[in-house]
Amino acid sequence: MKVVLLCGGLGTRMREETEFRPKPLVEVGGRPILWHIMKLYAHYGFRDFVLCLGYKGNMIKEYFLNYEAMNNDFTICLGRESRIEYNGGHEEQNFRITLAETGLETMTGGRLKRASRYIDDDCFMMTYGDGVSDVDIPRLLEFHKSHGKLATVTTFRPISRFGILDIDPANQVLNFIEKPKSDAWASAGFFVFNRRVLDYIDGDQTTLEREPLERLAAERQLVAFHHPGFFYAMDTYREFQILNDLWKNEQAPWKVWE
């Protein structure tokens, strides 16, 4: 089954890093966040990826073109019969990665539509190239197959950015809760789509999260998979620092692989 990763956004809210590289190549623990996302899927046996490129997409191409040399010891023979022999092997064996140019200014739905020529199954998965999670992919797929609808979206309970105060009529603070979890559910991405979802996308300027998903919801074709575990999107430089601190301290919940 194909796994589509949206990798083309500008990442304007963390210019400290994305001025020099696309956000999916911003590193967490010395590896691009894109690598972490792919490792989650690969852990569960899904190694066939389609990357939708846009902003600085050539850098993502270069990363994978150089992957063998940069992640292996190797012996190089120079001269007319030049060749490279890789010694040993990295853990990303049998990854199949299609790098699809989807335009600099194309919106999320348009990127998916442009890359659809590489999707040859009736069902595929999709997520964003900037969010990590410990979502159980097999359970997600089993849930999607069980309800028979066109689309499944993984949801989580977000943590509030602000502390919550319980205040009495005299303005006395009775309780303080630092960044509580919300009672509402938010999208974590990690979608499962039937191929017919592509018919809901009109063109390059279609934002997937607007007309297509709104229409699917109105037609009762979008079902939520409740994920009780970890999800964190790297939208700002502070979030970049938090993810790196979690990895450095060996407290990264999304690292489900050995």
Among (1) in contact (Cβ under 8 Å) with a residue 12 or more places away in the chain; (2) assigned to a loop (DSSP other than H, G, I, E, B); (3) aromatic (Phe, Trp, Tyr), the one test that Phe74 misses: (2)
Out of (1) closer than 30 Å to Arg139 by Cβ; (2) at pLDDT below 95, the odd one out for Leu10 is which? (1)
Filter the stretch 107-118 for residues that are surrounded by fewer than 21 Cβ atoms within 10 Å (Cβ to Cβ) and either assigned to a loop (DSSP other than H, G, I, E, B) or free of Cβ contacts under 8 Å to residues at least 60 places away in the same chain (or both) and give the result. Arg117
Quick check on my filter: what residues within the stretch 122-148 are in a loop (DSSP other than H, G, I, E, B) and either surrounded by fewer than 22 Cβ atoms within 10 Å (Cβ to Cβ) or more than 18 Å from the chain's Cα centre (by Cα) (or both)? Asp122, Asp134, Asp136, Gly148
Looking only at the stretch 36-61, filter to residues that are in contact (Cβ under 8 Å) with a residue 24 or more places away in the chain, assigned to a helix (DSSP H, G or I) and out of contact with any strand residue (DSSP E or B) (no Cβ under 8 Å at 6 or more places or on another chain); which one of those is farthest from Phe190 (Cα to Cα)? Met59
Flagged pairs (Cβ under 6 angstrom, 6 or more apart or on separate chains; first in the stretch 17-32, of a type in the set (Gly, Ala, Ser); second outside any loop (DSSP other than H, G, I, E, B)) are Gly29/Trp247
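From the list Lys179, Lys149, which residue is closer than 30 Å to Met14 by Cα and either modelled with pLDDT under 95 or basic (Lys, Arg) (or both)?
So the residue among Lys179, Lys149 that is closer than 30 Å to Met14 by Cα and either modelled with pLDDT under 95 or basic (Lys, Arg) (or both) is Lys179.
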Residues of the stretch 184-211 satisfying the condition of being closer than 22 Å to Gly148 by Cβ, more than 15 Å from the chain's Cα centre (by Cα) and polar (S, T, N, Q): Asn194
Can you name the residue in the stretch 182-211 that is among the hydroxyl-bearing types (Ser, Thr, Tyr) and either surrounded by fewer than 12 Cβ atoms within 10 Å (Cβ to Cβ) or assigned to a loop (DSSP other than H, G, I, E, B) (or both) and, of all such residues, is modelled with the lowest pLDDT? Ser182
Would you check if there is a residue in the stretch 84-91 being touching a strand residue (DSSP E or B) at 6+ places or on another chain (Cβ under 7 Å), at pLDDT 95 or above and charged (D, E, K, R)? no
Condition first: of a type in the set (Lys, Arg), more than 13 Å from Gly129 (Cα to Cα) and either assigned to a strand (DSSP E or B) or over 19 Å from the mean Cα position of the chain (by Cα) (or both). Can you find one or more residues in the stretch 1-12 that meet it? yes
For the stretch 212-232, name all the residues that are surrounded by fewer than 18 Cβ atoms within 10 Å (Cβ to Cβ) and either outside any loop (DSSP other than H, G, I, E, B) or of a type outside the set (Gly, Ala, Ser) (or both). Glu214, Arg215, Ala217, Ala218, Glu219, Arg220, Ala224, His226, Pro228, Phe230
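The values are calculated or read from the model by the stated rules, or taken from the named source; none is laboratory data. None of the values given here were measured: they were computed from a predicted structure. Because the Cβ atoms are built from the backbone with ideal geometry, glycine has one as well, and the counts that use them run over all protein chains shown.
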